[in-house]
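The next block holds one structure in the form of structure tokens; read it before the comments.
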Amino acid sequence: MTLPLRLIASSACILLLAVAAANAQQSLNQEVAISKIEATFLDTPKVQAGGFSKRSSGRPGSWLEVEVTFEHAPNPRLPQTADELTVNYYVLLKNEAFTLDRKPTMLSGKVAHIHVPAGKALHSSIYVPPRVLENFFGGKTPVNAAQAITDVGVTITGKDGLLAISTMKGTVKGDKGWWDNADQFTTVAGRLYNKDQTPFASLEWDFYELIKPATTN
């Protein structure tokens with residue numbers, strides 16, 4: 001059976017729009033694109049500078065790690081290193097059963113990376129400490145990431161504004177994400193920590209992009 005030319009053209013148009021929409025979720029320009037967002041639980045690492053320590057709280061605590069893989073592909077005619085790129089994190093907890101208003105909590109935070117080179121597999125990460133998780137889940141840490149979070153949204157910004165936007169579940173349309181609907185959850189800032197603020201600071205140093213140091217007077 002031969003399909004009408006109009007139907008074929010219409011189907012092709014729909015396919016192109018779907019592809020364009022999918023690409024728009026990852027990158028708003030040709031310079032930066034988010035390729036992966038992953039969430040996992042990690043035990044507090046045992047890091048000792050030397051000698052023996054008898055101090056222990058028992059079983060290591062469980063940290064929630066969110067890791068972002070992104071691409072930086074600047075125009076060949078421009079500098080190949082970005083002075084600064086900021087990765088903004090929006091972590092929607094699955095904790096509505098533990099809140100008085102039965103609304104989930106969204107944790108927001110950001111990590112500023114400096115001297116970011118061109119590359120296809122660059123990495124950023126942010127962490128939720130064990131005590132913070134306990135605070136939002138009735139005194140107990142969730143068993144795994146699936147129990148802890150509903151979704152994670154990520155944007156990357158630079159000197160020219162928003163460069164890329166995506167979510168772990170891929171539900172972004174245009175330049176707005178679910179985190180812009182503030183009436184659906186309670187936003188809490190200051191509970192996400194960059195890698196340099198955690199026991200993981202000295203681990204896998206070369207895997208992650210350099211974090212901008214805190215300003216000192």
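Residues that are modelled with pLDDT under 95, under 19 Å from the mean Cα position of the chain (by Cα), part of a loop (DSSP other than H, G, I, E, B) and surrounded by 10 or more Cβ atoms within 10 Å (Cβ to Cβ) do occur in region 31-54, at least one of them.
Suppose we keep only residues that are within 19 Å of K140 (Cβ to Cβ) and modelled with pLDDT under 95 within region 55-88. Which one would you say is surrounded by the fewest Cβ atoms within 10 Å (Cβ to Cβ)? Out of the qualifying residues, it is G58.
Going residue by residue through region 197-213, is there one that turns out to be touching a Leu at 6+ places or on another chain (Cβ under 8 Å) and aliphatic (A, V, I, L, M)? Within region 197-213, not a single residue is touching a Leu at 6+ places or on another chain (Cβ under 8 Å) and aliphatic (A, V, I, L, M).
Which one is nearest to the chain's Cα centre (by Cα), of the residues in region 161-190 that are more than 16 Å from T150 (Cα to Cα) and surrounded by 17 or more Cβ atoms within 10 Å (Cβ to Cβ)? The residue in question is I165. In region 89-105, of all residues being surrounded by 18 or more Cβ atoms within 10 Å (Cβ to Cβ) and of a type outside the set (F, W, Y), the one that is nearest to L192 (Cα to Cα) corresponds to V91. Quick check: anything in region 200-208 touching a residue at least 40 places away in the same chain (Cβ under 8 Å) and touching a His at 6+ places or on another chain (Cβ under 8 Å)? Yes, there is a match, as at least one residue in region 200-208 is touching a residue at least 40 places away in the same chain (Cβ under 8 Å) and touching a His at 6+ places or on another chain (Cβ under 8 Å).
The values are calculated or read from the model by the stated rules, or taken from the named source; none is laboratory data. Computed from a predicted model, the values in this text were never measured in an experiment. Because the Cβ atoms are built from the backbone with ideal geometry, glycine has one as well, and the counts that use them run over all protein chains shown.
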